[in-house]
Amino acid sequence: MTRAFKKLASVLALSAAASLPAAADTAHIAVAANFAAPMKALSARFEQASGHALTLSSGSTGKFYAQIKNGAPFDVLLAADDETPARLLREGDAVRTQTYAVGKLALWSADASRLDGSDALLRRGAYNRLAVANPRLAPYGAAALQVLEKLGLAGQAKDKLVMGENIGQTYQFVASGNAELGFVALSQVWQDGKLTGGSAWLVPPALHAPIRQDAALLKRGAANAAARALLDFLKSHEAQTVIRSYGYEL
């Protein structure tokens, strides 16, 4: 083999190597229950565009925090608040955070004729069971109790509350008819600018603290290419269009 041929072969090999995509990675993502449906849609788009893979686990932000502190193998936390990611950052369990959505709360019934778009039925107390998420674990549950306090209805509702472990279980209580009403994440009942079913009152944001939802790149995922790429993807126009379609603000 001549020297010129060897040099050409070396150049071609380097060129081919440079054109290869970066090695695909798999990231394990802890997703707050309110964001489960949007994340499922986003995950498919992300995997197709990036070549990376995501494994999704859905649950309450409070439980995820405890699991992360106990060594659960998550790379990214998509929380239902901004306090939990900030706490993980302070405690050395996360390396950075970013806001990916601002959530909205809805009072929802599976019965399309029960709610008229206002809080009138809630004020009358014309229900037997009202589902809320556990406020100690789920920020949407804490927001629901703030709404009841602001409206002066906390005492009236106290003995009618049915508490879900997370907002996903809370939604199921209402969807199954075990509770006539429930405070759920708007994203669970909203798609492309309209309700997916039932009837609702869209809770004015002024009635509760902002539900700012932050993502945390956890210490375990700091070197994971898929985890880092996902956080960048969540800031893209494509991802934000999907997020808004579920009723979130950005």
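Which loop trypsin sites (Lys or Arg not before Pro) in region 157-250, with loop taken from DSSP, have no more than 15 other Cβ atoms within 10 angstrom of their Cβ?
On the way: sites: K158, K160, K194, R212, K219, R220, R228, K235, R244; in loops: K235.
Passing sites in region 157-250 are K235.
Long-range amide H contacts for T55: which residues qualify at under 5 Å (H placed 1.01 Å from N, peptide plane, sequence gap of 5 or more or a different chain)?
Those lying under 5 Å, H to H, from T55 are A27, H28, I29.
Over region 60-112, what is the relative contact order in whole percent, taking alpha-carbon pairs under 8 Å and six or more residues apart? Spell out each step's value before the answer.
Numbers: 22 pairs, mean separation 14.8, N = 53.
The value is 28 percent.
Net charge within 13 Å of G177 by Cβ-Cβ distance, Lys/Arg positive one each and Asp/Glu negative one each, not counting G177 itself? Before the final figure, lay out the partial values.
Numbers: positive: R114, R129; negative: D111, E180.
Local net charge: 0.
Kindly flag which residue pairs out of K40/K69; K69/K219; K63/K219 have an alpha-carbon separation exceeding 20 Å in this structure. Write out the running numbers ahead of the final one.
Values: K40/K69 25 Å; K69/K219 11 Å; K63/K219 18 Å.
Going by Cα-Cα distance, K40/K69 fall outside the 20 Å limit.
With Kirkwood's inverse mean 1/r over C-alpha pairs for Rh, give me the Rg to Rh ratio of region 86-216, two decimals please.
Working: Rg = 15.2 Å, Rh = 15.2 Å.
When Rh is taken as the Kirkwood radius, the ratio is 1.00.
Calculate, in nm to one decimal, what K69 and K40 gain on full extension: separation in residues at 0.36 nm each, minus their alpha carbon distance.
On the way: separation 29, 0.36 × 29 = 10.44 nm, distance 2.53 nm.
Value of the extension gain: 7.9 nm.
Can you give the Rg and Dmax of the chain based on its C-alpha atoms, in angstrom?
Answer for the chain, Rg first and Dmax second: 22.3, 92 Å.
Compute the Rg to Rh ratio over region 83-128 from the alpha carbon atoms, using the Kirkwood formula for Rh, and round to two decimal places. Don't jump to the answer; show the numbers that get you there.
Numbers: Rg = 18.9 Å, Rh = 14.3 Å.
Result: Rg/Rh = 1.32.
How large a share of the accessible area of region 78-187, in percent, is made up of carbon and sulfur atoms when the probe is 1.4 Å and the other protein chains stay in place? Could you put the intermediate results ahead of the total?
Values: 2110 of 4790 Å².
Carbon and sulfur together cover 44 percent of it.
Would you mind calculating the gained length between K235 and T99 on full extension (0.36 nm times residue separation, minus the Cα-Cα distance), in nm to one decimal?
The K235-T99 span can extend by a further 48.0 nm.
Quick one: accessible area per residue over the chain, 1.4 Å probe, rounded to a whole number of Å²? Mind showing how you got there, number by number?
Numbers: 12100 Å² over 250 residues.
On a per-residue basis, the chain sits at 48 Å².
Taking the Cα of R124, stepping 7 Å toward and past its beta carbon, and measuring to each backbone N in region 152-187: which are under 15 Å?
Zone members listed by number: 181.
Which whole-number percent is the relative contact order of the chain (Cα, under 8 Å, 6+ apart)?
Numbers: 490 pairs, mean separation 74.0, N = 250.
Result for the chain is 30 percent.
The values are calculated or read from the model by the stated rules, or taken from the named source; none is laboratory data. Note that this is a predicted model, so its numbers are computed, not measured. Don't worry about glycine lacking a Cβ; one is built from the backbone with ideal geometry, like all the others, and counts go over all protein chains shown. We work out accessible area using only protein heavy atoms, side chains counted, and drop any ligands, DNA or RNA first. Shrake-Rupley method; radii C 1.70, N 1.55, O 1.52, S 1.80 Å.
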